[in-house]
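> Below is one structure. I have some questions about it.
What follows draws every value from the coordinates through simple rules; no lab data is involved. Given the structure is predicted, the values throughout are model-derived calculations rather than measurements. FYI the Cβ positions are ideal-geometry reconstructions off the backbone, even for glycines, and counts take in every protein chain you see.
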Amino acid sequence: MKKGFIFMILAGLFVVSAYSQHPPSDKNWETVFQDNFNTFNTNRWMAVDHFDHYGELQLYRSQNVYLSNGKLVLETKEEDYCCPPKYVNPSNCSRQDTSGKCYQYTSGYVKSKVRYRYGYFEIYAKLPGGDGFWPAFWLHGNGEDPITNECYYNEIDVVEIFPCRQESIDTGLTYDVDCVNSGKPPWVVQVPCNFPYTYHWYGVEWDKDKITFYVDRKAVRQEINNMKGIGIQYPMNIKINTALHSPIHECPVTGSSIFPNYMYVDTANVYRLKCDKNTSVTEISNYDTFNYAVKKSITLSGVSSLTSGQDVSLRATDFIELKNGFEVPLGAELYLDINPCDFVRTVEQE
């Protein structure tokens with residue numbers, strides 16, 4: 001197989017597939033963290049306080065973020081609240097010069113204290129629905145490249161539900177290498193039934209070559225990660241929030257909008273690929289005891305054939321070669337992926 005080619009063998013048939021298995025079912029991944037929100041880990045998360053996000057209707061307050069019955073709750077309320085005059089935290093109220101500014105709505109917003117580059121990110125959540133509500137789970141980072149001193153902006157919208165499109169799930173990419181212009185590939189729109197009102201998995205797999213979006217742990221979209229010749233390559237914070245659309249947007253808050261409204265997050269997980277990228281494998285005698293990780297290369301012949309009922313995922317950085325005699329019998333599944341295994345964790349608050 002040539003580098004960069006992704007390939008699945010299912011029930012004895014060769015099927016080209018653009019989408020990978022998700023980490024919970026793929027032994028090549030390992031856990032960075034799994035958060036079930038039995039407690040609020042202040043080393044991992046911060047509740048954003050007194051923050052105006054680009055002049056939207058709501059002010060984000062830490063009081064709107066809390067735990068209930070093992071769930072992270074982000075509450076959106078209709079309430080009159082004014083930012084304190086001369087608010088002293090420069091990372092919050094000062095964004096839109098909100099010192100002393102008054103709001104009619106408040107909402108909840110959390111972000112990770114650590115930035116991550118590459119990996120698999122997912123939440124199991126129930127999103128608020130109805131006129132005016134704009135819940136989101138996204139990755140975001142911007143700053144200055146420490147090597148080139150160039151300004152950058154990176155954003156992956158893992159899931160958004162726009163207020164007037166309650167029947168759709170939206171994913172998006174925003175990329176920018178000069179902090180002036182940005183762009184997005186076309187949205188992918190799903191048409192689920194009552195998605196905003198029931199729990200679902202939302203996830204994204206991100207590496208230096210490609211970005212794959214998942215809904216209920218099934219791939220729904222993949223983009224080659226080379227936008228503007230660079231792609232999204234910088235560490236980003238994990239962010240979860242519910243915004244409100246202003247009257248100038250497509251679906252404003254109306255008299256039928258329900259307050260308070262809630263976004264419930266049951267679980268948030270981060271995984272990274274295990275790396276063994278200096279090892280070349282020739283034949284696998286036992287798939288049950290094989291050391292799963294991204295290898296440099298993998299070469300298989302008939303002695304490595306699968307047996308019925310096996311479900312195997314193999315990954316390598318350079319190539320995977322299937323020689324004559326290699327077989328996948330009816331009832332077995334084999335997934336092959338050529339990909340990098342880089343991962344960066346930046347232990348510093350945005």
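> Neighbour counts of other C-beta atoms within 10 Å: give me Ser68, Ser256, Ser112 arranged from fewest to most.
Details: Ser68 11, Ser256 8, Ser112 23.
Arranged by neighbour count, lowest to highest, Ser68, Ser256, Ser112 become Ser256, Ser68, Ser112.
> Now, a different point. Apply 1/(1 + (r/R0)^6) to the Cβ-Cβ distance of Glu150 and Glu327, taking R0 = 41 Å, and write down the FRET efficiency to the nearest 0.05. Walk me through the intermediate numbers first.
Numbers: r = 50 Å, r/R0 = 1.23.
Efficiency for this residue pair is about 0.20.
> Within a 10 angstrom radius of the beta carbon, how do Arg221, Arg345 rank from fewest other beta carbons to most? Please list the in-between numbers first.
On the way: Arg221 21, Arg345 14.
Going from sparsest to densest Cβ surroundings: Arg345, Arg221.
> Still on this structure, please answer the following. Any of Lys208/Lys274; Lys208/Lys323; Lys218/Lys295; Lys210/Lys323; Lys111/Lys274; Lys208/Lys277 with alpha carbons more than 22 Å apart? Name them for me.
Too far apart for the 22 Å limit: Lys208/Lys323; Lys218/Lys295; Lys210/Lys323; Lys111/Lys274.
> If neighbour count is taken as other Cβ atoms inside 10 Å, put Asp80, Asp342 in order from fewest to most.
By the 10 Å Cβ count, ascending: Asp80, Asp342.
> Per 0.36 nm of contour for each residue apart, how much would the distance between Ser285 and Ile230 grow if the chain were fully extended, relative to their Cα-Cα spacing? Show your work: numbers first, answer last.
Numbers: separation 55, 0.36 × 55 = 19.80 nm, distance 3.99 nm.
That pair, Ser285 and Ile230, stretches by 15.8 nm at full extension.
> How much length is gained on full extension from Lys218 to Asn41, taking 0.36 nm per residue of separation minus their Cα-Cα distance?
Numbers: separation 177, 0.36 × 177 = 63.72 nm, distance 2.86 nm.
Taking 0.36 nm per residue and subtracting the Cα distance, the gain is 60.9 nm.
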